[in-house]
Amino acid sequence: MTHLVVVEATNLIQSGDIVRAEAVLTALVETEGDNALIEVLDDIPSKDLLAVIREYDSSKQSLLNLLITPEQFARVVVLERLYKDMSHEQLRGMMNSVIFREDADASEFIEAIAELEFGYETFADYLSDRAEEVVGETFAALDTEDISRSEISDHDWKELTWLLRHEHSDIYNIVIVLLKAKLQERIIPEVVLSGEDDDEAIENTTPEEKTPKEEEEEDSAI
């Protein structure tokens, strides 16, 4: 029975029918219970499971998001990079809905992700659109023992950053380095573009645009 469910769900996912695939998987809970679904998730290729989970977030829940284990989720979420989604919106939606679900221990998920290749990069991608705040002074006020998790419990980037800083400092330090590198990558193209603009200004200078100093030098040469 379980094998047939895996085959059917995988075929539906690969054909692009995510809704039916999710329905087939969650139907197991009604017939065989939560543990049956958890076992099936172990047998589905991570890339196929990712295709289902990334379609759901806190605004559109799925039983998969509610039952997936830290180890299963970690194997799935590190593959999100394959989608090359520069906004990382779906990554944040997935992580928020799973890591901050009511019965979850967020630290277990954080540790499971960090243990895998590209785990640190996944955290950096998640925080990338808040990189300036996390790395800079804007968020530094929360880097104190006086601020409790409950005070910044947004089930989003602030809470995850707090958890990394206060409960997983070794992971946090590496993620900060990656975020700084991301910021540097943004700055370099801006500097290059600015330099190109200056070059264009020089190339487009006409005789009528010569500075008084240039005219004085020409008169002196004559």
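Values for this structure:
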read-out	value
Index of the failed condition, Ser148 passing every other in (1) without any contact (Cβ under 8 Å) to a residue 24 or more places away in the chain; (2) within 16 Å of the chain's Cα centre (by Cα)	(2)
Flag for Glu111 being modelled with pLDDT of 90 or more, open to solvent by 20 Å² or more (accessible area, probe 1.4 Å) and not in a loop (DSSP other than H, G, I, E, B)	yes
Checklist (1) at pLDDT below 95; (2) surrounded by 15 or more Cβ atoms within 10 Å (Cβ to Cβ) applied to Val19, failing item	(2)
Any hit, region 76-85, residues being under 10 Å from the mean Cα position of the chain (by Cα), in a loop (DSSP other than H, G, I, E, B) and either within 20 Å of Ser153 (Cα to Cα) or at pLDDT below 95 (or both)	yes
Residues being in contact with a helix residue (DSSP H, G or I) (Cβ under 6 Å, 6 or more places away or on another chain) and not in a helix (DSSP H, G or I) - total across region 47-61	5
Which listed residue, of Thr69, Thr138, Thr122, is hydroxyl-bearing (Ser, Thr, Tyr), at pLDDT 95 or above, touching a helix residue (DSSP H, G or I) at 6+ places or on another chain (Cβ under 9 Å) and open to solvent by 10 Å² or more (accessible area, probe 1.4 Å)	Thr69
Any hit, region 25-41, residues being β-branched (Val, Ile, Thr), without any contact (Cβ under 8 Å) to a residue 60 or more places away in the chain and closer than 30 Å to Leu127 by Cα	yes
Residue match in region 147-159 (condition: in a helix (DSSP H, G or I) and open to solvent by less than 10 Å² (accessible area, probe 1.4 Å))	yes
Among the residues listed as Leu41, Leu63, the single one being more than 17 Å from the chain's Cα centre (by Cα) and open to solvent by less than 20 Å² (accessible area, probe 1.4 Å)	Leu41
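The values are calculated or read from the model by the stated rules, or taken from the named source; none is laboratory data. Not measured: the values here are computed from a predicted model. With ideal geometry, Cβ positions are generated from the backbone for all residues, glycine too; neighbour counts draw on all protein chains shown. For accessibility, only protein heavy atoms count, side chains too; no ligands or nucleic acids. Shrake-Rupley method; radii C 1.70, N 1.55, O 1.52, S 1.80 Å.
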